[in-house]
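Have a look at the structure below, then the notes.
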Amino acid sequence: MGSKIMDKKLKVGILGATGMVGQRYITLLADHPWFEVVLVAASSRSAGKTYEQAVAGRWKMEGPIPTAVKDLTVLDVDQVDRIADEVDFVFSAVSMSKDEIKKIEEKYAKAEIPVVSNNSAHRWTPDVPMIVPEINPDHSRVIKFQRERLGTKKGFIAVKPNCSIQSYAPALSAWRKFEPTQVIATTYQAISGAGKTFKEAPEILNNVVPFIGGEEEKSEKEPLKIWGRVDDQEKAIIPAVSPVITSQCLRVAVLYGHTAAAFVNFKQNPTKEELIQALESYRGVPQEMKLPSAPKQFIQYLTENDRPQVRFDVNFEKGMGISIGRLRPDKIFDWKFIGLSHNTARGAAGGAILCAELLKAQGYITAD
Ligand SMILES: N[C@@H](CC=O)C(=O)O
């Protein structure tokens, strides 16, 4: 990918720009070499204000609001045609009911605007790819069937998976050749996953909440779609059937970082050295193509007994890398391990940006 074709940046809009994931998009895209945020949209409550006014008192990112975005006037996400005239594609982080999200994302796609979504609404639409660029970059092939169904030339919807799976699914992907058959994954999820800071969720201090609505189902099912295959007859992605995953998801007093404690059985029981080697050597298209947001090292293995820890490891590779540790044999399962990922970087906006970079490099997102 020569730098020449990247000279003209693609114009991007952020739908749901005022929420926590929207703010993360704005921050991560501030100096992006390929994409320029030219438009922000949110609910009718924020429409008409400048972005700075719309997030006043609720800007949750570490640094200030990027200058280029501050004075943009927030549009109503319902202004599909107007927005479609001004952008090449959109990131969607809208907060509405699932039915409303499905409809609005489809409206954008039908207005010939590619939509890269953080929402779960379309994750189980059979011809919508759910992409982790290192794991299943080829699933973008299903877009041609989706475009046929929608009657579009350029518009489509692609999604990224839920943040909860990012702490264990990458490791299981690296181990697919050893045929994992059964997995238990318990996740300890940061409050930013619920769009909150400690100030907004004081009830989490000195507490663990043993329920996150819909999370366990997503944690058990979504990896199977990612490990599935595009079927040309069905014009859809057919999910894999194994391993069977069972999960419990807990909310803990952490701001950023989802930790997973996982147990795995394999058909072919590998050695510890083979497992670690598979993790450390796991690379994908983003690394080969040097996509702008790709971590150099997708998965790191930490040997210290007390790692990975949120405090030390959550920002590994700017939050785009996965940290694994404490891999050891188990009495009931073959192996157990701990995984950690950054839930708003790799798990949300960062993962979606990497997905858009992949789709751009593959020719699915273009300027015209
Ligand atoms: N649904 C997730 C979002 C990811 O950060 C959660 O609630 O943690």
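The values are calculated or read from the model by the stated rules, or taken from the named source; none is laboratory data. Here the structure is a predicted model, which is why all the values come from computation and not from measurement. A quick note on method: Cβ atoms are made from the backbone with ideal geometry, for glycine too, and the neighbour counts reach across all protein chains shown. Surface areas here come from the heavy atoms of the whole protein model, side chains and all, with no ligands, DNA or RNA. Shrake-Rupley method; radii C 1.70, N 1.55, O 1.52, S 1.80 Å.
Here are the numbers for this structure:
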quantity	calculated
Some residue of segment 72-92 being at pLDDT below 95, within 27 Å of residue 222 (Cα to Cα) and not basic (Lys, Arg)	no
Matching residues in segment 284-328 - criterion: being among the β-branched types (Val, Ile, Thr) and over 18 Å from the mean Cα position of the chain (by Cα)	303, 310, 324
Candidate set from segment 319-368 (those that are open to solvent by 10 Å² or more (accessible area, probe 1.4 Å) and of a type in the set (Asp, Glu)); member that is nearest to the ligand (Cβ to nearest atom)	330
Residues located in segment 264-275, provided they are in contact with a Ser or Thr (Cβ under 9 Å, 6 or more places away or on another chain) and either basic (Lys, Arg) or open to solvent by 20 Å² or more (accessible area, probe 1.4 Å) (or both)	265, 267
Test result for residue 176, open to solvent by 20 Å² or more (accessible area, probe 1.4 Å), touching a residue at least 60 places away in the same chain (Cβ under 8 Å) and more than 18 Å from residue 248 (Cα to Cα)	no
Test for residue 112: is it of a type in the set (D, E, K, R), on the phi > 0 side of the Ramachandran plot, open to solvent by 10 Å² or more (accessible area, probe 1.4 Å) and away from the ligand (no atom under 13 Å from the Cβ)	yes
Condition check for residue 303: hydroxyl-bearing (Ser, Thr, Tyr) and open to solvent by 80 Å² or more (accessible area, probe 1.4 Å)	yes
Residues located in segment 8-18, provided they are at pLDDT 95 or above and surrounded by fewer than 22 Cβ atoms within 10 Å (Cβ to Cβ)	9, 10, 11
Single condition residue 290 does not satisfy, out of (1) open to solvent by 30 Å² or more (accessible area, probe 1.4 Å); (2) at negative phi	(2)
Subset tally (residues that are more than 16 Å from the ligand (Cβ to nearest atom) and within 30 Å of residue 119 (Cα to Cα)) for segment 302-311	3
Exclusive hit being within 16 Å of the ligand (Cβ to nearest atom), without any contact (Cβ under 8 Å) to a residue 24 or more places away in the chain and not hydrophobic (A, V, I, L, M, F, W, C), set 220, 203	203
All positions within segment 53-68 that are crowded, with 16+ Cβ neighbours inside 10 Å and part of a helix (DSSP H, G or I)	54
Residue, farthest from residue 143 (Cα to Cα), within segment 223-262, restricted to residues that are open to solvent by 60 Å² or more (accessible area, probe 1.4 Å) and either within 11 Å of the ligand (Cβ to nearest atom) or among the polar types (S, T, N, Q) (or both)	248
Hits in segment 147-170 (condition: surrounded by 24 or more Cβ atoms within 10 Å (Cβ to Cβ) and either of a type in the set (Lys, Arg) or more than 13 Å from the ligand (Cβ to nearest atom) (or both))	156, 157, 158, 159, 160, 168, 169, 170
Unique residue being within 16 Å of the ligand (Cβ to nearest atom), in contact (Cβ under 8 Å) with a residue 24 or more places away in the chain and open to solvent by 10 Å² or more (accessible area, probe 1.4 Å) when the list is 285, 314	314
Members of segment 179-200 found to be of a type in the set (Asp, Glu) and touching a residue at least 60 places away in the same chain (Cβ under 8 Å), listed by number	179
Any hit, segment 90-103, residues being in a helix (DSSP H, G or I), within 15 Å of the ligand (Cβ to nearest atom) and either charged (D, E, K, R) or in contact (Cβ under 8 Å) with a residue 40 or more places away in the chain (or both)	yes
